[in-house]
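Nothing in this text is a laboratory measurement; each read-out follows from the coordinates by a stated rule. Computed from a predicted model, the values in this text were never measured in an experiment. No Cβ is skipped: glycine too gets one built from the backbone with ideal geometry, and neighbour counts run over all protein chains shown.
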Amino acid sequence: MLELKDLSFSVPVEIDGEVQEKVIIDHLNFTFEKGKFYAITGPNGSGKTTLARLVMGIFQPTGGKILYEGQDITNLSITDRAKMGIAYSFQHPARFKGLTFRDLLSIASGTDDEEMILALLRRVGICSFSFLDLPVDAKLSGGEIKKIELATTIARNPKLAIYDEPDTGIDLWTINPMVRLLKREQLERGTTTIVVSHNRAFLEVADSVLIIVKGQIAYQGKLENALTMLSDMSVCSYRHCDKCSGEEDAECYR
Ligand SMILES: Nc1ncnc2c1ncn2[C@@H]1O[C@H](COP(=O)(O)OP(=O)(O)O)[C@@H](O)[C@H]1O
Ligand SMILES: [Mg+2]
């Protein structure tokens, strides 16, 4: 249902006074099948969020194509993609001064009917009634904001839902209900689900695990083999520099 064809994204960056192209997504090819659950993992900075944003249309690719249900959506806006049933749950959700969780749910679901909103909250389960009428502003904790973000994504009844690290800041008591919730949405509603996560609980329920390294798919398949690959992978812990080869290299750090 979602095809990435030779997808690339690079940005100009200044290194040692010279402008160079930094490749973030590197000629990536992959087909996501309808109704399946995918978990995407990989080192920090490997391009997972960028990939999710390219699919949602927040970034425009510098090369390649994105096909959704057979249609080329590469040049479509975020709004058009949302209308086609694609939803993206941000890694760092925005806070909306003055808007409440109830307002966000109403906008996302297209109804302000109290019964419908309550039914939605029951379906989402992990969201507390206690913050339904509180403003979604800086006073809410990071974890509460993430729950609200996830609930509003589900409220849109997307055909394709992309969750970017939905478990960040979420307490231990909520992670498993969150995993079950997203799995139930996939199985009962046929939602094609892509979850970017480092959490094994998400990897375990996925039909397929993708490991992204340096903007490419380094692995795709069953979790068992992914775990072997992850344990064998050498990733530099100092890699947040532009010179990094990806291998552990103390010289590079200095
Ligand atoms: N607009 C941008 N300009 C420059 N660098 C960017 C931009 N967006 C992302 N990056 C860089 O691209 C790399 C991949 O980022 P990201 O997709 O957020 O990684 P991940 O989600 O896998 O941790 C990082 O090194 C990040 O700093
Ligand atoms: Mg990210």
Computed helical MRE - 222 nm, the chain, DSSP H runs ≥ 4 contributing -39500 (n - 2.57), nearest 500: -10000 deg cm²/dmol
The range 72-89 versus the range 116-173: alpha-carbon centroid distance in Å: 21 Å
Cross-link partners of residue 22 among lysines (Cα-Cα below 21 Å; sequence separation of 8 or more within a chain): 5, 48, 65, 214, 243
The chain, relative contact order [Cα under 8 Å, separation at least 6], %: 24 percent
Estimated translational D of the range 1-53 in µm²/s (Stokes, Kirkwood radius over Cα pairs; 4 °C; 1.567 mPa s): 101 µm²/s
Pair-distance profile P(r), taking every C-alpha pair of the range 1-117, with 5 angstrom steps and integer %: 2, 9, 16, 19, 18, 13, 11, 7, 3, 1, 1, 0
Share antiparallel - DSSP beta bridges, the chain, percent rounded to 5: 60 percent
Nearest-ten-degree value, helix 172-189 long axis tilted from longest Cα axis of the chain: 80 degrees
Pairwise label distance in nanometres, residue 222 with residue 80, each label 7 Å out on the Cα-Cβ vector: 4.1 nm
Ranking of 203, 54 by count of other Cβ atoms within 10 Å, fewest first: 203, 54
Rough spin-label spacing in nm, given labels placed 7 Å along Cα→Cβ, for residue 8 and residue 231: 3.7 nm
Semi-axes of the equivalent ellipsoid for the range 95-160, Cα gyration tensor, largest first, Å: 17, 13, 11
DSSP-assigned coil residues among trypsin sites (Lys or Arg not before Pro) in the range 127-227, each with at most 14 further Cβ atoms within 10 Å: 139, 222
Expected-Rg normalisation [2.2 N^0.38 Å, Cα atoms] applied to the range 78-205: 0.98
Convex hull volume per residue in cubic angstrom - Cα atoms of the chain: 145 Å³
Positive-pole candidate from 212, 121, 140, dipole of the chain, charges at beta carbon: 121
109, 231, 141 arranged by Cβ crowding within 10 Å, fewest neighbours leading: 231, 141, 109
Exposure proxy ranking, count of Cβ atoms within 10 Å, fewest first, for 129, 101, 59: 129, 59, 101
